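Structure first, then comments.
The values are calculated or read from the model by the stated rules, or taken from the named source; none is laboratory data. Fair warning: this is a prediction, and the values are worked out from it, not measured in the lab. Virtual Cβ from ideal backbone geometry, glycine too; neighbours counted across all protein chains shown. SASA here: full protein model, heavy atoms, side chains in, ligands and nucleic acids out. Shrake-Rupley method; radii C 1.70, N 1.55, O 1.52, S 1.80 Å.
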Amino acid sequence: MSPALFSFYLLRHLPAAWFMGVRPVEISDTRCCVRLPYGWRSQNPFRSIYFAAQCAAGEMASGLPALAALRHRPSCSMLVLRVEAEFLKKADRTLVFTCTDVPLICEAIERAFDTGAPQTVRALAVGAMPDGTEAARVWVTWSFRAKTGAPR
């Protein structure tokens with residue numbers, strides 16, 4: 001998807017993420033990276049990136065691979081069950097959140113279609129500053145369920 005189309009998709013479906021400037025950097029079979037800029041749209045009064053913006057970027061880093069895997073598949077429900085976060089360093093610069101659990105996410109989606117039963121996966125997205133310092137770790141537990149009547 002082109003950057004312009006993706007920006008329109010965000011504006012339509014995830015306007016808060018669009019407003020904060022969360023954008024994909026890389027999506028592959030093994031990892032997904034999204035960029036969360038430091039600026040007035042994402043910062044809190046303490047001059048660091050607001051925790052909710054960091055959680056949103058972590059969710060997107062783990063959710064984009066699932067959306068890509070489901071793009072040409074029958075209908076499937078995709079739901080966040082839980083979000084856990086650990087903030088390790090003051091995030092006062094742009095962060096890149098990287099999720100390397102893409103294979104686990106794809107396997108859970110395959111199991112959902114193969115078994116017809118809901119499947120869950122807990123994915124980690126690590127937010128790092130430009131110098132590589134980890135600022136945050138966000139775990140998102142996703143649930144995938146093939147919708148009834150969806151062909152396998």
May I ask you to verify whether residue 5 is within 26 Å of residue 144 (Cα to Cα), among the hydrophobic types (A, V, I, L, M, F, W, C) and surrounded by fewer than 19 Cβ atoms within 10 Å (Cβ to Cβ)?
yes
Could you list all residues from segment 94-109 that are open to solvent by 40 Å² or more (accessible area, probe 1.4 Å) and assigned to a helix (DSSP H, G or I)?
103, 104, 106, 107
What is the one condition in (1) within 19 Å of residue 138 (Cβ to Cβ); (2) open to solvent by less than 40 Å² (accessible area, probe 1.4 Å) that residue 112 does not satisfy?
(1)
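For every residue, the table says whether it meets (1) in a helix (DSSP H, G or I); (2) surrounded by 15 or more Cβ atoms within 10 Å (Cβ to Cβ); (3) of a type in the set (D, E, K, R).
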{"position": "16", "(1), (2), (3)": "yes, no, no"}
{"position": "33", "(1), (2), (3)": "no, yes, no"}
{"position": "60", "(1), (2), (3)": "yes, yes, no"}
{"position": "92", "(1), (2), (3)": "no, no, yes"}
Can you pull out every residue in segment 112-144 that is among the charged types (D, E, K, R) and at pLDDT below 95?
114
If we scan segment 25-33, do we find a residue that is at pLDDT below 95, under 23 Å from residue 92 (Cβ atoms) and among the charged types (D, E, K, R)?
no
Examine segment 19-30 for a residue that is assigned to a helix (DSSP H, G or I) and either touching a strand residue (DSSP E or B) at 6+ places or on another chain (Cβ under 8 Å) or surrounded by fewer than 20 Cβ atoms within 10 Å (Cβ to Cβ) (or both), and state whether such a residue exists.
yes
For residue 67: the one exception among (1) free of Cβ contacts under 8 Å to residues at least 40 places away in the same chain; (2) in contact with a strand residue (DSSP E or B) (Cβ under 7 Å, 6 or more places away or on another chain):
(2)
Being part of a helix (DSSP H, G or I) and either under 10 Å from the mean Cα position of the chain (by Cα) or farther than 25 Å from residue 7 by Cβ (or both), is that true of even one residue in segment 66-81?
yes
Take segment 115-133 and flag every residue that is open to solvent by 70 Å² or more (accessible area, probe 1.4 Å) and under 17 Å from the mean Cα position of the chain (by Cα).
120, 122
Meets criteria (at pLDDT below 95 and at negative phi) for residue 84
no
Checked segment 39-54 for anything outside any strand (DSSP E or B), touching a residue at least 24 places away in the same chain (Cβ under 8 Å) and either open to solvent by less than 20 Å² (accessible area, probe 1.4 Å) or in contact with a strand residue (DSSP E or B) (Cβ under 6 Å, 6 or more places away or on another chain) (or both); matches are 48, 53, 54
